[in-house]
1. It is to be established whether one or more residues within the range 120-129 are closer than 28 Å to MET55 by Cβ and modelled with pLDDT of 90 or more.
2. State which residue is farthest from VAL199 (Cα to Cα) when the search covers only the range 212-226 and only residues that are open to solvent by less than 60 Å² (accessible area, probe 1.4 Å) and not in a helix (DSSP H, G or I).
3. Scan the range 314-348 residue by residue and report those that are under 16 Å from GLU470 (Cβ atoms) and either of a type in the set (A, V, I, L, M, F, W, C) or crowded, with 17+ Cβ neighbours inside 10 Å (or both).
4. Within the range 380-428, which strands (runs of 3 or more DSSP E) (wholly inside it) include 3 or more residues that are at pLDDT 65 or above?
5. Quick one: is GLU184 acidic (Asp, Glu) and either in contact with a Pro (Cβ under 6 Å, 6 or more places away or on another chain) or farther than 21 Å from ILE221 by Cβ (or both)?
6. Pick from the range 236-266 the residues that are touching a residue at least 12 places away in the same chain (Cβ under 8 Å) and basic (Lys, Arg): which of them is least open to solvent (accessible area, probe 1.4 Å)?
7. Going by what's in this entry, would LEU233 be described as within 29 Å of ILE479 (Cβ to Cβ), outside any strand (DSSP E or B) and in contact (Cβ under 8 Å) with a residue 12 or more places away in the chain?
8. Go through the range 72-84 and give me each residue that's more than 16 Å from ILE52 (Cβ to Cβ) and loosely packed, with under 15 Cβ neighbours inside 10 Å.
Amino acid sequence: MRSTIPAFLLFLLLNAGLCGVTRAEGSAEEAALSAENSDAVGLGHTIDVLAIKDMDIREAIELIARKSGLNIVTGQNVQGRVTIFLKEVDARDALRMVLEANGLAFADEGGIVLIMTAGEYQARYGHAFGQEKVTRMIRVHFASVADVVTLLNEIKSEQGKVIANAEGRNVVAVDTAQKVREMENLVRDVDVQTVTLSVPLQYAQAQDLVESLQGMLTRSIGIITCDPAANSLIVTDTPAKAGRIKQAIARLDARGRKISLEAQLVHVVLNREHLGGVDWSGILEDFRNIRLWGSYDFLDGEETDRVLGLGVIAEDDFSTLLDALDTVGVVKEYPSAEIVLTQSEAVRVVVRMDELGLDLNRVRAEEAVEGDSGVRPGSAAFEFYIKLDIDEDEKVNLGVIPREPRPARKLTKISAHKTTLLAGAGKSAVMGGLIATEKVATTRKIPLMGDLPLLGFAFRFHDSSVRREEFVIFLTPKIVNAATPGSDSEQEGLPAAGKAAASSGLTKGKQ
């Protein structure tokens, strides 16, 4: 038979602790350790039958204590009612089901089962009931232990702890089982071998590329910084990812190269035999020494097989081609224009009809599709955009993006075209087929008689004819180096005309 006096005294002492009596310093840690072993409650105690119907929770706990032989202390805030029917159940499981149904919790301290509210349990032990803390030692092979601790502190619970052991290359994680599993998974993801690469740039500025490359880094592992003085990027990541980032840097660096584009306008007033436009295929047959490669489907109208769209010609053949054009009409050369741009920019080309000439303006690449027209209202002009980019073989891809000519009834409609040429290899792109049509009225009269009032009408003769003009544009791109940091000119090494063109965005009048 048990001694009732010691048990009664123990009951009073423990109940006082649950009701707010201050615990001695260090007892919280002991309580936490005891709570981690709360699953031990009821081991070896089996209840044959537990039949409860709308019973007060305190009476139900007392019944479980009698049936299981457990020493149970119930806190003053424990209340509720319960209905349950169980057979051949472990006392621990029965107690857990009865308590959780009423938002209550229990813990085992020295063989005594303490019953309390869930809130009191969390405040006492630092975690929710049913989420007992576990302790794990996690090995770190490659990553910095300090960096791993910083990452784990971001995901641990408020009551969790992360302890670094740099000498042993491990961390100790104390938290709920779920949180510790998350920490183990995170360490497994970030604890990988890394390499650090220093990638020098030739054209782009290092600080301008850092933000665009952040998305490629491995989460929680990759780091990218820049060295403005050396104009280089420093990348730390896994070997595979670092290699891919290095390739991306090379592509972005290439886009930082600047391209000098020289354009020259040639105006041809077509004779009567060639009012349909320059017969480019015929020119190639008659002047076999001209090396001209291109397409002949530039326009949307008739006779498109005779009209050059966008071709490539050797610069040595420029004079010969002008001689060939002289056979189809009156040829006039106009001053060339030059502009410098990056691969994120485009060139707006305007061929003016009122004051015949060629204008080049630098615009953002997206404006080539959505931007406003560069032609003044009421003016007649061809307008199109040119986009340039450089591939890995140092070839320039040149694309023509057309805009509706003004007025459309007088000017041919341009279609989109693309071509590729090796910059600096002595070749230029040739753009033909820009045809303007105008009706010309003429008056002839008999001298003296045609000037007589009233009667002079009989001695005057009126006639009209069609005047057709074709415009040919020669485009010569050249790759230039990027600006030197701190230099006065963005186009260092370019001729003075090129510098002025880039600063003003408009070039006219270079012979």
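1. yes
2. Within the range 212-226, the subset open to solvent by less than 60 Å² (accessible area, probe 1.4 Å) is 213, 217-218, 220-222, 224, 226.
Those left that are additionally not in a helix (DSSP H, G or I): 217-218, 220-222, 224, 226.
Working: LEU217: 15, THR218: 18, SER220: 21, ILE221: 18, GLY222: 15, ILE224: 11, CYS226: 9 Å.
Per the stated criteria, the residue is SER220.
3. LEU321, LEU322, ALA324, LEU325, VAL328, GLY329, VAL330, VAL331, TYR334 - these are the residues of the range 314-348 that are under 16 Å from GLU470 (Cβ atoms) and either of a type in the set (A, V, I, L, M, F, W, C) or crowded, with 17+ Cβ neighbours inside 10 Å (or both).
4. Values: elements: 381-390, 395-402, 417-422.
Answer list for the range 380-428: 381-390, 395-402.
5. Details: acidic (Asp, Glu): yes; either in contact with a Pro (Cβ under 6 Å, 6 or more places away or on another chain) or farther than 21 Å from ILE221 by Cβ (or both): no.
In short, no.
6. Among those that are touching a residue at least 12 places away in the same chain (Cβ under 8 Å) and basic (Lys, Arg), it is ARG257.
7. Values: within 29 Å of ILE479 (Cβ to Cβ): yes; outside any strand (DSSP E or B): no; in contact (Cβ under 8 Å) with a residue 12 or more places away in the chain: yes.
It is false that LEU233 is within 29 Å of ILE479 (Cβ to Cβ), outside any strand (DSSP E or B) and in contact (Cβ under 8 Å) with a residue 12 or more places away in the chain.
8. Result: GLN76, ASN77.
The values are calculated or read from the model by the stated rules, or taken from the named source; none is laboratory data. None of these values were measured; they are calculated from a predicted model. All Cβ positions, glycine included, derive from the backbone under ideal geometry; neighbour counts span all protein chains shown. The area values use the complete protein model at the heavy-atom level, side chains included, leaving out ligands, DNA and RNA. Shrake-Rupley method; radii C 1.70, N 1.55, O 1.52, S 1.80 Å.
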